[in-house]
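This report concerns only the one structure given below.
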Amino acid sequence: MRRISYWALSTVSAFVLLFGFDASQRGATGGATTATISGGTSGTSSENGSNSSGSNGSGSNGSGSNNNGSGSTNSATKTVTGSVAQTQWGPVQVQLLISNGSITKVTVLQYPNGNSRDVELAHYSLPTLIQETMQSQSAQIDMVSGATYTSTGYIQSLQSALDQANL
């Protein structure tokens, strides 16, 4: 009878330890604070902001109507940074590139990254939120299921940037 009691207690202890271990708290990295996630032009966006012409950033050929550079060659192009939205898991901040009254690029400057689970959620949800923003051209977008706090912070910062741009 005593052996059965020890076996039952050790089994229960093993299950408590196994299912009570929170792997998301292991290996928290602080080096991801400077990473940005962005989406580019032309309706569908990708995580690195590339477009169909194949040139982006420095060394652009200037043959298209899209202005991806940081220069002020087009007076109707401006960059607007939204305010930082503080969420339960960390700050979210959005920057918009606006050309001729429409959003041409969305960059997420800050997002929750306190542990590996936060980074995983951000890399899952932010490209979807950026794509929704590019399609709707407003802050009236759907939230990403499973990333409620990040989605809420993104929408708050996006609305702040849109207000500053008078859109």
For this session: Please work out which one of (1) open to solvent by 60 Å² or more (accessible area, probe 1.4 Å); (2) part of a helix (DSSP H, G or I) is the condition P127 fails and give its number.
Result: (1)
Seminar exercise, completed: Reported set for the stretch 138-158 where residues are touching a residue at least 24 places away in the same chain (Cβ under 8 Å) and open to solvent by 70 Å² or more (accessible area, probe 1.4 Å) is Y149, Q156
Problem set entry | Check on S116, open to solvent by 30 Å² or more (accessible area, probe 1.4 Å), at pLDDT 50 or above and closer than 13 Å to L158 by Cβ | no
Exercise. When you look at D163, is it among the acidic types (D, E), out of contact with any Pro (no Cβ under 6 Å at 6 or more places or on another chain) and not in a helix (DSSP H, G or I), yes or no?
Worked result: no
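The values are calculated or read from the model by the stated rules, or taken from the named source; none is laboratory data. Predicted, not measured: the structure shown is a model, and the values here were computed from it. Glycine also receives a Cβ, built like all others from the backbone with ideal geometry; neighbour counts cover every protein chain displayed. Heavy atoms of the whole protein, side chains included, go into the accessibility calculation; ligands, DNA and RNA do not. Shrake-Rupley method; radii C 1.70, N 1.55, O 1.52, S 1.80 Å.
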